[in-house]
Amino acid sequence: MLGRTEGIVLRSRPFGEADLILEYLTRDFGVRSAFAKSPRKIKSRFGGSLEPFIHSRISLLGREDASLPKLTQSDIMTSFQPLREDIKALLQATEFAELILKLLPEREPAPRVFELLLWALSTLQSMTMLHGMIMSTGGAAAGANASGVTAPAAVKNERETRERWQFIPAVFKARLLSLTGYAPSLRGCARCGAGSRVFYPREGALLCGACARSGPSLEISAALPGIYRNLSEWPLEKIMRIRPSSGLLAELKKFIHVHLAEGIAVTVKSAKFGHGPAE
Ligand SMILES: [Zn+2]
């Protein structure tokens, strides 16, 4: 018997005429699929609580090893409605969900990934609302003194908020990679320990000239390993205090993209055949 927990809907698909199969990230049981009977009928007891990214208190009925426990209760804790109404935020949240489904094995309890997703959705929603306000008021909303905000200040506010918004996926991805055992190795050459600033995504590591073989590589700046470590290790409640320069944020985004696209894609494919994450 699984029992009660908190869940965030990652994905859902229709099943039969009126039923749904949901994929949840739960606080206690990790990623779990669940079967919801007739939620698409009017007056369903689930109300509107099964939309993507809704955070609910849920009850799952079934044996611990059941592949498809039954959802018997779902009460909304956080609706994330404003997040679903903004197409960019919705796409970003969808990428979060897809990465979790790709990197986290099913049924493996991962309370820290749950906390991370909840943080990412909440922060994304508030930054999206703040950015929307700045756009609609020409910057006045973000200024302490609404009447005194000039046009250049509005542009600066808009750019800053957009960069803060873009910082959220960088934090989410860096931490998710650490929590799932796919963190890149950035402390010198992974083979001999010599200093190196060349990252080999297929190795997931820095390698020096003597140890490197052929394959795609990416040169990183001296500042990247430090900020990457801070992103992975700082407490979430303080993490928005980290303010990388525009250049460093752009580098961070590119680095994570390359690591995920050229390194992890290959590793995850092989993990399906039983090798599992590196840790
Ligand atoms: Zn080396």
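Rule-based calculations on the coordinates, nothing more; no lab input. Since the structure is predicted, the reported quantities are computational estimates derived from the model, not experimental observations. FYI the Cβ positions are ideal-geometry reconstructions off the backbone, even for glycines, and counts take in every protein chain you see.
Descriptive notes on the structure:
- The gain in end-to-end length when the Met240 to Asp19 segment is fully stretched comes to 75.5 nm, 0.36 nm per residue minus the alpha carbon separation.
- Restricting attention to the chain, close to 95% of DSSP beta bridges with both partner residues there are antiparallel.
- Cα-based shape type of the range 3-79, given that a ≥ b ≥ c are square roots of the gyration tensor eigenvalues and the cut on a/c is 1.5: oblate
- Net charge dipole size for the range 183-279 [Lys, Arg +1 and Asp, Glu -1 on Cβ; Debye, nearest 20]: 40 debye
- Computed helical MRE - 222 nm, the chain, DSSP H runs ≥ 4 contributing -39500 (n - 2.57), nearest 500: -12500 deg cm²/dmol
- Projecting the Cα atoms of Leu104, Pro152, Ala223 onto the charge dipole of the chain (Cβ charges, centred on the Cα centre) puts Leu104 farthest toward the positive pole.
- Distance (nanometres) between label positions extended 7 Å along Cα→Cβ at Ala223 and Ser136: 3.5 nm
- Extension gain, Thr94 back to Lys254 (0.36 nm per residue minus Cα-Cα distance, nm): 55.7 nm
- Anisotropy class of the range 183-279 from Cα gyration tensor, a/c 1.5 cut: oblate
- Dipole magnitude for the range 3-79: computed about the Cα centre from +1 point charges on Lys and Arg Cβ and -1 point charges on Asp and Glu Cβ, it is near 240 debye.
- By the Cβ distance rule (another cysteine Cβ under 4.7 Å), the unpaired cysteines of the chain are Cys192, Cys211.
- Overall, the anisotropy analysis places the range 43-125 in the oblate class: the square-rooted eigenvalues a ≥ b ≥ c of its C-alpha gyration tensor yield a/c not less than 1.5, with a/b not exceeding b/c.
- Translational D in µm²/s for the range 9-147 (Stokes-Einstein at 20 °C, 1.002 mPa s, Kirkwood Rh from C-alpha pairs): 131 µm²/s
- Taken about its Cα centre, the chain carries a charge dipole of about 120 debye when Lys and Arg each add +1 at the Cβ and Asp and Glu each add -1 at the Cβ.
- Dimensionless Rg over Rh [the chain; C-alpha; Kirkwood]: 1.02
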